[in-house]
């Protein structure tokens with residue numbers, strides 16, 4: 001999982017195109033890319049953290065039990 005925090009410089013057409021290509025590249029290698037605007041972090045940190053945790057939990061697989 002990759003968490004990216006984007007500032008206003010990511011709002012330009014060129015930056016958005018670059019970010020989309022980069023995300024496609026990373027997802028093609030099996031990564032989940034989560035992007036958040038800096039304002040989301042500053043104003044809704046708890047919600048962002050809960051979202052990231054929920055995404056982690058979706059992917060968590062406990063090790064197999066050995067009832068030996």
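Residue 31 fulfils the conditions (1) assigned to a loop (DSSP other than H, G, I, E, B); (2) surrounded by fewer than 10 Cβ atoms within 10 Å (Cβ to Cβ) except for a single criterion, (2). In the range 1-28, the residue that is surrounded by the fewest Cβ atoms within 10 Å (Cβ to Cβ) out of those that are under 24 Å from residue 60 (Cβ atoms) and without any contact (Cβ under 8 Å) to a residue 24 or more places away in the chain is 28. Looking only at the range 35-68, residues that are surrounded by 13 or more Cβ atoms within 10 Å (Cβ to Cβ) and assigned to a loop (DSSP other than H, G, I, E, B) come to 1 in all.
Taken together, the values in this text are just the output of simple stated rules run on the coordinates, not laboratory data. From a predicted model like this one, the values you see are computed outputs, not experimental measurements. We place every Cβ from the backbone using ideal geometry, glycine too, and count neighbours over all the protein chains shown.
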